[in-house]
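> Just dropping this structure here.
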Amino acid sequence: MTTTADPTPALPPALADDAADSPAEPTPLRTSRPPALSPSRASDFLQCPLLFRFRAVDRLPEPPSSAAARGTLVHAVLERLYDAPLGERTREAALDLLPGEWDRLVEAEPRYAQLFQPDGDAADQPLGSWLDGAGRLLGTYFTLEDPNRLEPEARELYVESKLDDGPLLRGIVDRLDVAPDGAIRVVDYKSGRSPRPGFEGKALFQMRFYGLVVWRERGVLPKMLQLVYLGDGQVLRAEPSERELEVTETKIRGVWDAITTAARRGEFVPRPSKLCGWCAHQERCPEFGGTTPPIPEGALRARLGLDV
């Protein structure tokens with residue numbers, strides 16, 4: 001298995017793929033979708049309740065990250081690659097998609113253009129060099145899977161499921177493969193490096209979260225949960241049991257109970273860790289001498305569906 005390192009990681013692997021979920025600017029309280037819990041936001045709460053509040057309740061903006069932008073771009077290329085007929089899904093075809101997908105990304109998210117401005121996260125390198133880094137990640141993908149032997153049922157699949165007496169669960173599955181015998185494989189791409197042995201918990205929680213939603217909605221237990229790490233060319237696979245996904249549901253319910261308790265008390269307490277060094281909200285965090293602003297009026301109801 002080929003190992004290819006991400007040349008310019010700006011975030012640790014645990015954050016690089018999640019950062020794209022953060023808004024570029026404060027979003028209005030009204031939303032067309034009902035409040036829900038995603039695996040990223042659940043992981044935020046487990047990492048730091050105050051970070052969860054800033055991202056899920058306040059929806060505070062965060063500066064664009066080079067690593068997150070690269071991950072988003074690579075995801076877009078891999079999604080578009082499967083539009084090509086079998087036999088034409090080559091490394092060269094993927095690389096040819098990069099410039100156009102970057103233009104689409106910047107058009108949809110103008111903040112990414114800031115990366116290459118003097119104070120941007122990628123100001124020290126030209127766009128071409130940065131795109132080459134994304135190209136290396138795509139090259140690694142072709143050492144791990146042959147897309148010409150795959151015909152996914154869905155890509156960038158929106159999934160959701162309402163837990164009885166619990167939250168609505170929501171997420172985006174990068175790829176869903178369904179075998180002729182009906183066996184389901186849930187696949188997620190990661191642009192960062194794989195976790196060290198013994199530190200797979202957060203990654204497996206995310207995949208079991210998706211596995212739980214797919215199981216609840218389709219009535220079929222996924223055969224395989226698969227994480228493809230392009231940063232170091234590793235693939236993490238797990239065959240979930242019903243018991244494991246039931247335990248995951250119990251954990252999600254516990255997280256939701258803790259969120260609702262924090263909301264009712266108005267206390268989202270910071271939880272310091274080594275990841276604080278990458279946090280965009282230090283100026284608002286009491287652990288760094290900052291002042292936490294009050295929760296916007298109506299935000300708990302609009303964002304979490306809670307009357308407190």
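Just so you know, all these numbers are worked out from the coordinates, no wet-lab data involved. These numbers come from a predicted model, not from an experiment. Positions of Cβ are generated from backbone atoms using ideal geometry, with glycine treated the same way; all protein chains shown enter the neighbour counts.
> Counting alpha carbon pairs within less than 8 Å and at least 6 residues apart, what relative contact order, in whole percent, applies to the stretch 65-149?
Once divided by the residue count of the stretch 65-149, the mean separation gives 39 percent.
> Could you work out the relative contact order of the chain? I mean the mean sequence separation of Cα pairs under 8 Å and 6+ apart, divided by the number of residues, in percent.
It rounds to 24 percent for the chain.
> Can you show me the helix-derived [θ] at 222 nm for the chain, built from DSSP H runs with n ≥ 4 at -39,500 (n - 2.57) apiece and divided by the number of residues, rounded to the nearest 500.
-12000 deg cm²/dmol
> Could you work out how far the C-alpha centroid of the stretch 158-189 sits from that of the stretch 204-268, in angstrom?
Here the two parts' Cα centres lie 10 Å apart.
> By average Cβ neighbour count within 10 Å, what is the ranking of 182-192, 113-123 from highest down?
Taking the mean over residues of other Cβ atoms within 10 Å, the ranking is 182-192, 113-123.
> Within the chain, how many lysine pairs that are 8 or more places apart, or on different chains, have C-alpha atoms less than 18 Å apart?
Details: Lys162/Lys251; Lys190/Lys202; Lys202/Lys251; Lys202/Lys274.
So the count of such lysine pairs works out to 4.
> Testing the spin-label approximation: label points 7 Å from Cα along Cα→Cβ at Val269 and Lys202. State their distance in nm.
About 2.1 nm, to one decimal.
> Classify the stretch 225-308 from the C-alpha gyration tensor, please: rounded if a/c falls under 1.5, else prolate or oblate depending on whether a/b exceeds b/c.
Oblate.
> Give me the net charge of Asp121's neighbourhood, meaning all other residues with Cβ under 13 Å from the Cβ of Asp121; Lys, Arg count +1, Asp, Glu -1. Walk me through the intermediate numbers first.
Working: positive: Arg70, Arg111; negative: Glu62, Asp119, Asp124.
Overall, the nearby charge balance is -1.
> With labels modelled as points extended 7 Å from the Cα through the Cβ direction, what inter-label distance (nm, one decimal) is found for Glu283 paired with Gln125?
In this crude spin-label approximation the distance works out to 2.7 nm.
> Leu144 label point, 7 Å along Cα→Cβ, cut-off 20 Å on backbone N: hits in the stretch 50-71?
Within reach of a label on Leu144, which here means backbone N under 20 Å from a point 7 Å along Cα→Cβ, the stretch 50-71 contributes 66-71.
> Let me ask another. How much length, in nm to one decimal, is gained on full extension between Asp257 and Arg104, taken as 0.36 nm per residue of separation minus their Cα-Cα distance?
Extra length from Asp257 to Arg104 when fully extended: 51.2 nm.
> Between Pro197, Leu157, Pro240, whose Cα lies farthest towards the positive end of the dipole of the stretch 154-240 when Lys and Arg beta carbons carry +1 and Asp and Glu beta carbons carry -1, centred on the Cα centre?
The Cα lying farthest towards the positive end belongs to Pro197.
> Give, as a single signed number, the net charge of other residues whose beta carbon lies under 10 Å from the beta carbon of Gly290, with Lys and Arg counted +1 and Asp and Glu -1.
Residues near Gly290 contribute -1 overall.
> Of Gly87, Gly133, Ala69, which is farthest on the positive side of the dipole of the stretch 67-137, counting Cα position, with +1 on Lys and Arg Cβ, -1 on Asp and Glu Cβ, and the Cα centre as origin?
Gly87
> Can you tell me what share of the DSSP beta bridges in the chain is antiparallel? A percent to the nearest 5 is fine. Walk me through the intermediate numbers first.
On the way: 17 of 24 bridges.
Beta bridges within the chain, antiparallel portion: roughly 70 percent.
> Does the stretch 65-149 classify as rounded, prolate or oblate by the C-alpha gyration tensor (a ≥ b ≥ c root eigenvalues; a/c under 1.5 gives rounded; else a/b over b/c gives prolate, otherwise oblate)? Can you show the working numbers first?
Details: a/c = 2.72, a/b = 1.99, b/c = 1.37.
Because a/c hits 1.5 or more and a/b exceeds b/c, the stretch 65-149 counts as prolate.
> Also, I was wondering about something else. Let me make sure I get this right: for the stretch 119-248, a, b and c are the square roots of the gyration tensor eigenvalues over alpha carbons, sorted descending. Under 1.5 in a/c it's rounded, otherwise prolate if a/b > b/c, else oblate. Which is it?
In terms of gyration-tensor shape, prolate.
> Can you tell me the relative contact order of the stretch 219-266? Whole percent, Cα pairs under 8 Å, sequence separation 6 or more. List each step's numbers first, then the result.
Details: 27 pairs, mean separation 12.7, N = 48.
The value is 26 percent.
> With +1 on each Lys and Arg Cβ and -1 on each Asp and Glu Cβ, how big is the dipole of the stretch 101-156 about its Cα centre, in debye rounded to the nearest 20? Write out the running numbers ahead of the final one.
Numbers: 5 positive and 13 negative charges, 20 e Å.
In total the dipole reaches around 100 debye.
> Return the distance in nm (one decimal) between the two label points of a simple spin-label model at Thr250 and Thr292, each offset 7 Å from Cα along Cα→Cβ.
3.0 nm
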